[in-house]
Amino acid sequence: MDIVIIGCGVVGAAIAYQLSQVKGLNITVFEQKQPAQGSTSAALGVLMGIISTKRKGIAWRIRETSIKRYISLIPELEGITGRKIPCNRQGIVLLLSENPERPLESGVEVLSEWEELQEVRKSQGWKLQVWEQEDLKKYCPQVNDPKIIGAVYSPQDLQLNPTALTLALVDAAQRNGVKFNFGVSVINTETPPLRPETPLHIKQGWEQEHKCSFIETTQGKVKADWFILSSGLGTKLLTQKLHQMINIRPVLGQALYLSAGKILGNKDFQPVITGNDVHVVPMGNGDYWVGATVEFPNEYDEIPPNQQLLNAVRQQAIAFCPELSTAQVVRTWSGLRPRPEGRPAPVITKLPGFNNVILATGHYRNGVLLAPATAIMVKDMIAPQDSCI
């Protein structure tokens, strides 16, 4: 069976590696740039799975599946490829403040909501700790913000380097026989449009039976039994060519690399610290990633970077950890996240009207977190066996 994957960010690479372990599949990946050059390259790699407020349903199950898979996936890839995937296994500390949207709510009520989630996670086999101010001061003395009333600590959530992960997935998939074609663009498809006047009963049959026969790339036509679109922001154009447009729009994120010149807090306990949607990510030797902004496009899908918003992210990090005020800005960077318009993220399903085109796209801010679960879901569509979700 011939499989074509379009897009090689972390999601496409994870799908390629997952499918490479299924016998009888001939897998080819097309990427118009190099691997991990889109939103993956700009991601901070903070995997907020267990600490997510999602409690049930598919939104929770895909997070749980990914976190479980990462436990084995990282050492598996390192063993196969010999590549090191930088990974912070010291968890995530989520800072809590009183909810400004509910001014009559007390700090006790905020903490009690997280204590309820702590019990839910315990019943699901996961750990969360709810810290009061004294606990936070003890474990993370670098946090010194009077507005913070406590914290939630998730010891089993991770942070990793998304680019290193993607390159290891590509390497491992290549060793399993996957063919990667970088610098190759998809420019057209063979599929004819469905006429709007087509009667409903014919249209329904067409939706059940219609196949995409081949794609046309800058290297020629390529036939396959299955086509997987893991192309992020490129999904909109590709689905337009298939006459079933899925609108994926960009959301800009800017981040900073800060060097404090020393490790803040306890040098033996350096978890990711997050609050008010700002992450402070330890990189070792007193260096920290800080991000990210959330900047939406105008009607033309243009997003000029907003320096004020980036400054606000930095100031929030300094409010949490005042010692960052003297940290040097080593560099800044930005990336575009793929956000589905008018529907929840991510989009993991067959393309309407086709029984051999799978969408694995629009992960918005959770592409790295959800990549392993997405790969498993795609595998189960193509080779259904031992479903994990």
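The values are calculated or read from the model by the stated rules, or taken from the named source; none is laboratory data. Since we're looking at a predicted model, the values are computed, not measured. FYI the Cβ positions are ideal-geometry reconstructions off the backbone, even for glycines, and counts take in every protein chain you see.
Structure above, values below:
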quantity	calculated
Out of ILE62, ILE27, sole residue that is of a type outside the set (D, E, K, R), closer than 30 Å to LEU238 by Cβ and assigned to a strand (DSSP E or B)	ILE27
Total residues in the stretch 355-378, condition touching a Phe, Trp or Tyr at 6+ places or on another chain (Cβ under 6 Å) and within 16 Å of GLY234 (Cβ to Cβ)	1
Condition broken by LEU229, with the remaining ones in (1) touching an Asp or Glu at 6+ places or on another chain (Cβ under 9 Å); (2) within 23 Å of GLN37 (Cα to Cα); (3) of a type outside the set (Val, Ile, Thr) satisfied	(1)
GLY57 being touching a Leu at 6+ places or on another chain (Cβ under 8 Å) and small (Gly, Ala, Ser)	no
Condition broken by SER52, with the remaining ones in (1) touching a Phe, Trp or Tyr at 6+ places or on another chain (Cβ under 9 Å); (2) buried (at least 21 other Cβ atoms within 10 Å of the Cβ) satisfied	(2)
Verdict on VAL278 being buried (at least 17 other Cβ atoms within 10 Å of the Cβ) and either farther than 30 Å from LYS211 by Cα or modelled with pLDDT under 95 (or both)	yes
Residue, surrounded by the most Cβ atoms within 10 Å (Cβ to Cβ), within the stretch 226-245, restricted to residues that are over 25 Å from GLY183 (Cβ atoms) and in contact (Cβ under 8 Å) with a residue 12 or more places away in the chain	GLN244
Filtered residue count, the stretch 225-246, keeping only those that are touching a strand residue (DSSP E or B) at 6+ places or on another chain (Cβ under 7 Å), assigned to a loop (DSSP other than H, G, I, E, B) and of a type outside the set (A, V, I, L, M)	3
Candidate set from the stretch 57-76 (those that are hydrophobic (A, V, I, L, M, F, W, C) and crowded, with 21+ Cβ neighbours inside 10 Å); member that is nearest to ALA172 (Cα to Cα)	LEU73
Which numbered condition GLN37 fails, given (1) farther than 26 Å from GLY234 by Cβ; (2) without any contact (Cβ under 8 Å) to a residue 60 or more places away in the chain	(1)
Out of GLY342, GLY367, GLY286, sole residue that is at pLDDT 95 or above and either under 22 Å from the mean Cα position of the chain (by Cα) or buried (at least 19 other Cβ atoms within 10 Å of the Cβ) (or both)	GLY367
Residue pairs meeting the criteria (Cβ under 6 Å; at least 6 apart or on separate chains; first on the phi > 0 side of the Ramachandran plot, in the stretch 364-389; second surrounded by 15 or more Cβ atoms within 10 Å (Cβ to Cβ) and modelled with pLDDT of 95 or more)	TYR364/ARG337; TYR364/ARG339; TYR364/ALA345
Candidates ILE15, ILE5 - the one that is aliphatic (A, V, I, L, M) and not in a strand (DSSP E or B)	ILE15
Identity of the residue in the stretch 18-43, buried (at least 21 other Cβ atoms within 10 Å of the Cβ), within 30 Å of ASP277 (Cα to Cα) and not small (Gly, Ala, Ser), that ends up nearest to the chain's Cα centre (by Cα)	THR40
